[in-house]
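Everything on this sheet refers to the single structure shown next.
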Amino acid sequence: MERTPLLNLPMIMPSQAQPHVTHNEALMALDGIVQLSVIRRDLAVPPSAPEAGDRYTVASPGAGEWEGWDHRIARFVDGVWTRVEPVAGWLAWVQDEALLVAWNGSAWAAAAGEGSGGAFGQVGVNASADSTNKLAVKSDAAMFSHDDVTPGTGNMRMIANKASAANTTSFLFQTGWQGRAEFGLAGDDDFRVKVSADGTNWKDALVIDRGTGAVAMPHTELGGTSIKVLTAQGTTGTTMAHSTYVDQIWDTTSRNDFGAGAWNGTTFTTPSSGVYDLSAVLSCNGAPSAADMYFNKNGSLSLGFMKITNGSAQNTVLSRVVVALASGDTVSVKMRQNSGSSQTGLSSAAFSIMRLG
């Protein structure tokens, strides 16, 4: 008996007796493979109580009545299982997974398309995706929301990951396909907000240090001058003799917008004339009967003098002053304590300078 080349359907031959038998066989075959929908694809042995018309794709290795039927279509007709050989490109809906799969010649793989649940190489929504922009969307708006269907946790987090610090992960905003603003981790791990007038030349509008959290705004001005900040901490290297003023030595400089030439860890040399905010807090070890501190300008002038006395439970001195400094002026922090003996270092210390205008 001759059969069709693709679906292997029996053909009615000339002068064939009982042609209805052949015709019915072809109809039953079509009934089993057209609009193919299988119950499951993870069974390797037949179910115990199949019903007429049930269909499965056989998992490997097939066993029992399905032995040797790996990945083939098994259908239950007239009380027996029959095998159907799929052809590359056939599609099947897997009912228990709500998944569309396709036969690629050796396996049933998730097919691209709505409801497939598979991995997509490229996706274009009203747009053409490509090898670089594997997801492309043209729309007046796009919405992401927490999962209230499954339901989920109520959270909604978007993750953008890069391979190394030297790479970039960011959001880029364009006008006419030219960059105008960008925020993210661009070229390092500090968070940056950048802007551009032409898409080629970029300026950092805001930089947040990944280690300290310090915020820099290199091009933001107050009174016509860019904001600049110096912060330093720790004075374990300072030895204070009894009742003798000494310059504090700051162990750690956490931020210096003024450049290395303006700061040596003890003395600040004003790089340009302006109005500066000076602040310091120093805490003595032990409980001296008196402690005082001031900012020393140019080695002779006292600014922001502060003193505490008769306070065995109060050993922290705080001072702050806003002052006009000329280019080349020097500022250091001097402190003394009256404990009757020398002491090394301080229990805590912090120093900052901010240019205001």
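No value in this document is a laboratory result; all are computed from the given coordinates. Just so we're clear, the structure is a prediction, and the values are computed from it rather than from any experiment. FYI the Cβ positions are ideal-geometry reconstructions off the backbone, even for glycines, and counts take in every protein chain you see.
Here are a few things to note about the model shown:
- Under-5 Å amide H pairs with Trp90, H placed in peptide plane, nonlocal only: Trp103
- In region 170-273, a dipole from Cβ-located charges (positive for Lys and Arg, negative for Asp and Glu) runs towards its positive end, and of Ser254, Val195, Gly211 it is Val195 whose Cα lies farthest in that direction.
- In order along region 294-299, the Karplus-derived 3J(HN,Hα) couplings, from 6.51 cos²θ - 1.76 cosθ + 1.60 at θ = phi - 60°, round to 7, 8, 9, 9, 6, x Hz, and Gly and Pro are given as x.
- Per-q log10 I(q)/I(0), region 172-290, q = 0.11, 0.17, 0.19, 0.21 Å⁻¹ (Debye; single scatterer per alpha-carbon; no solvent): -0.56, -0.99, -1.12, -1.23
- Over region 35-110: Kirkwood hydrodynamic radius from C-alpha pairwise inverse distances, Å: 12.2
- Amide H contacts of Ser254 (H built 1.01 Å from N, under 5 Å, at least 5 apart or other chain): Thr231, Ala232, Gln233
- Sequence-distant lysines (8 or more away, or on other chains) whose Cα lies within less than 21 Å of Lys307: Lys297, Lys334
- In this entry, region 92-193 is assigned a mean projected area of 10.4 nm², taken as a quarter of its C-alpha convex hull surface.
- Among 147-160, 182-195, 121-134, 36-49, sorting by the average number of other beta carbon atoms lying within 10 angstrom of each residue, highest first, gives 182-195, 36-49, 121-134, 147-160.
- Between amide H atoms placed 1.01 Å from N, distances below 5 Å from Asp247 occur with no residue 5 or more places distant or on a separate chain.
- Computed 3J(HN,Hα) for region 347-354, one whole-Hz value per residue from the Karplus formula 6.51 cos²θ - 1.76 cosθ + 1.60 where θ = phi - 60°, is 5, 7, 6, 8, 9, 9, 10, 10, glycine and proline marked x.
- Backbone N within region 226-269 under 13 Å of label point (7 Å from Val323 Cα along the Cβ vector): 268-269
- Sorting 91-100, 330-339 by their mean Cβ neighbour count within 10 Å, with the most densely packed peptide first, gives 330-339, 91-100.
- The phi-based Karplus calculation (6.51 cos²θ - 1.76 cosθ + 1.60; θ = phi - 60°) puts the 3J(HN,Hα) values of region 325-340 at 10, 8, 4, x, 4, 10, 9, 9, 10, 10, 8, 9, 9, 10, 9, x Hz, whole numbers, x for Gly and Pro.
- Share antiparallel - DSSP beta bridges, region 35-110, percent rounded to 5: 90
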